[in-house]
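Single-structure report; data block below.
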Amino acid sequence: MVRRVVCQQWAEPELLEVVEEERRPLGADQVRVAVEAAGVNFVDALFVAGTYQIKVPPPFTPGSELAGTVTEVGTDVHGIAVGDRVISSLGLGAWSDEVIIPAAGSTPVPEGLGTAVAAALVQSYCTAWFTLTRRTRVEPGEVVLVLGAAGGVGLAAIDVARALGATVIAAASTPAKLADATRQGATATIAYTDEDLKTRARELGGGGVDVVVDPVGGPHTEAALRALRQGGRLAVIGFAAGPIPTLPANQVLLNNRTVVGVDWGAWAMQHPDEQRALLDEVLAEVVAGRLHPPEPQRRPLDEAGTVLRELLDRKVRGKVVLVPGPASDGSR
């Protein structure tokens, strides 16, 4: 039997259910994977609520990233064997203790990389790498301001910006979150619930910052835009705070600032070959020790709804993965 989380209707995350069903047969070009960890992301809550721009009719299983061990391969599959550890980004369906995926949609987990870490890094780190090497290019010596710095994308952005040679200023709402950002490599912090974000960012950046990474939206985006120096770039990634900000166009015009949209998920689906190359770059940086994805929190599959609620309430620091069975500490 297979256990999986199911969204039976667009609703609050507390209404998610865990069901058991018979195993499905394997196709010739597919592999069966025993899921050891599945990442939880803000977009999952939007899918469940039916508020994402891509609306998936229920019932469906949420979850877009996982890591696990191959337990069966299809007759036409080559280069993948039973026992291989793999990661996969599958759009939906990861919150299960077993998945069937196209063999082409799996990537080997590098030796030495923990399964839980591998499951949690794809969306956050690919988003950050896409932002800072594709949508804009951060140069050594530049100053990068990261909003929502203790979230999954925020911590990844700190790590990626630091690896690219930038100085990172982290902005978050609590001392604990700012401490997480400092451990990840931020050299300065701003508590934007207590400090003026624009003024403090300009002070810490020596007159302004070069790049803003914004997965939060809400009331802080305009202040961050105003903190940009001449030629600065604002990367709009998401709206975890809820409200979608309205930006004054004159603040884009002044000092030749640029606002870029970052939708890594849609880009990855539309450009699979380029996404594979991007993921290879990220994993190579991890293996080389230049990127340091943090250990995620582990929670049992049955707590999926609770975890999503905590994510929506902005109580989650870093990343969370769902694991079959009871939660455990550490990583494989």
Can you give the charge dipole size of the range 123-265 about its Cα centre, rounded to the nearest 20 debye, using +1 on the beta carbon of Lys and Arg and -1 on the beta carbon of Asp and Glu? 240
How tilted is helix 115-130 with respect to the longest principal axis of the chain? Cα atoms for both, answer in degrees (0 to 90, nearest 10). 40
Options Tyr52, Thr75, Ala37, ranked by Cα towards positive dipole end of the chain, top entry (Cβ charges): Tyr52
Quick calc, the chain, dipole around Cα centre from Cβ unit charges on Lys, Arg (+) and Asp, Glu (-), nearest 20 debye, gives 940
By how many nm would the segment from Val252 to Phe60 grow when fully extended, if each residue of separation counts as 0.36 nm and the alpha-carbon distance is taken off? 65.0 nm
Along the Cα→Cβ direction, 7 angstrom out, place labels at Ala284 and Ile244. What is the inter-label distance in nm? 3.7
Cleavage-rule hits, trypsin sites (Lys or Arg not before Pro), the range 1-102, DSSP coil, Cβ neighbours within 10 Å at most 16: Arg23, Lys55
So what's the angle, to the nearest 10 degrees on a 0 to 90 scale, between helix 152-163 and the longest Cα principal axis of the chain? 60
When the helix-only estimate is applied to the chain (DSSP H runs of n ≥ 4, each -39,500 (n - 2.57), divided by the residue count), what is the mean residue ellipticity at 222 nm, nearest 500 deg cm²/dmol? -8500 deg cm²/dmol
Checked the range 123-265 with the C-alpha gyration tensor, a ≥ b ≥ c its square-rooted eigenvalues, rounded below a/c of 1.5, otherwise prolate if a/b is larger than b/c and oblate if not; verdict rounded
Calculate the dipole size of the range 1-64 relative to its Cα centre from +1 charges on Lys and Arg beta carbons and -1 charges on Asp and Glu beta carbons; express the result in debye to the nearest 20. 200
Considering only DSSP beta bridges whose two residues both sit in the chain, what percent are antiparallel, to the nearest 5? 55
Out of these labelled values of semi-axes √(5λ) of the Cα gyration tensor in Å, (1) 35, 21, 18; (2) 62, 27, 21; (3) 54, 23, 18, which was calculated from the coordinates shown here? (1)
Karplus couplings for the range 214-221 from phi (6.51 cos²θ - 1.76 cosθ + 1.60, θ = phi - 60°), rounded to Hz, Gly and Pro as x? 10, x, 9, x, x, x, 8, 5
Under-5 Å amide H pairs with Glu36, H placed in peptide plane, nonlocal only: Ala67, Gly68, Thr69
Report the residue, chosen from Pro62, Pro248, Pro296, that carries the largest GNM mean-square fluctuation when the chain is represented by alpha-carbon nodes joined by springs under 10 Å. Pro248
In what order do His78, His271, His220 fall by count of nearby beta-carbon atoms within 10 Å, going from fewest to most? His78, His271, His220
The summed charge of the Ala268 Cβ neighbourhood (under 15 Å; Lys/Arg +1, Asp/Glu -1) stands at -3
With a cap of 15 neighbouring Cβ atoms within 10 Å, and only residues DSSP puts in a loop, list the GluC sites (Glu not before Pro) found in the range 13-48. Glu22
Spin-label zone in the range 225-251 - amide nitrogen under 19 Å from a point set 7 Å from the Cα of Thr187 along the C-beta vector: 228-230, 232-233
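Coordinate-derived values only; no laboratory data. Model, not experiment: these values are computed from the prediction. In this analysis, Cβ positions are derived from the backbone assuming ideal geometry, glycine residues included, and neighbour counts consider all displayed protein chains.
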